[in-house]
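Down below is the structure, laid out as structure tokens.
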Amino acid sequence: MPPVVLLPGYLAGQAPYRGLVTAAQSLGVAIQVVPLRWWDWLPTLGGRSVAPILEPLDHTIQQVQQQYPGEKITLIGHSAGGWISRIYLGQTPYYGRVWGGAARVARLVTLGTPHTSQERWTRKNLDFVNTEYPGAYHPEIQYICIAGQAVQGRKWTLAYESYRLTCGQGDAWGDGITPVAAAHLAGAENLTLPSVWHSPSSPGEWYGSPGVLPQWLPRCHASSDTKC
């Protein structure tokens, strides 16, 4: 099977994904999580460059490819890790560096990624992504965008405020952090999972739970011709 690398979400390290890795192993899929610590994200606060995250992502992918010569990888990005992965794929200089990851990636899978935002700090990077690489930009890459539909936003709740800052509609449905509409990309294979929450710390099953993983991982990992 092609190798798989997972980029954690905002302010997340490697540890919260251990359950996902174990569940994936039971399905015959080995996942290498980029070895971040939560404090590795601190230099990116306030809309600054996410190069401190892109660097370990690139290093991890190169290490994995040394183990699988000639193989392109499946890249999974959780939450902000999804749009950061879109920067990694591109050829446009980002803070003076071209990452060019499209040459090393066969498939991008995003889990609860806010591909849009109305929050001013996040928009600094997301506007770059969506201007330079709109939608499923690279035709040679299979894009699979997975949303959770666990809770409708209600006033005075975290979900409402998060949805409002992401898509402008607080009473939308989503995974408790990312509304469904923002988690999908034009031209991608878009999948919505009912009753699925955003992260391992959520009150219910999330994208990486043992009961949820079989709903998307086998189909999205099998081959470029397999559709979610």
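Things to note:
- Approximate spin-label separation GLN66-ARG154, in nm, with each point projected 7 Å along Cα-to-Cβ: 5.3
- The alpha carbon centroids of the stretch 188-210 and the stretch 47-80 are separated by 22 Å.
- Legend: calculated FRET efficiency, ALA186 to THR92, from the Cβ-Cβ distance at R0 = 22 Å, rounded to 0.05, equals 0.70.
- Computed 3J(HN,Hα) for the stretch 32-47, one whole-Hz value per residue from the Karplus formula 6.51 cos²θ - 1.76 cosθ + 1.60 where θ = phi - 60°, is 9, 8, 4, x, 8, 10, 4, 6, 5, 7, 4, x, 8, 4, x, x, glycine and proline marked x.
- Taking 0.36 nm per residue of sequence separation and removing the Cα-Cα distance, the HIS59/GLN118 pair yields an extension gain of 18.1 nm.
- Relative contact order computed over the chain (Cα-Cα under 8 Å; 6+ residues apart), in percent: 18
- Among SER79, SER201, the order by Cβ neighbours within 10 angstrom, fewest to most, reads SER201, SER79.
Read the figures in this text as sums done on the coordinates, not as results from a lab. The shown structure was predicted, so the numbers you read here are calculated from the model rather than taken from an experiment. Cβ atoms come from the backbone with ideal geometry, glycine included; neighbour counts cover every protein chain shown.
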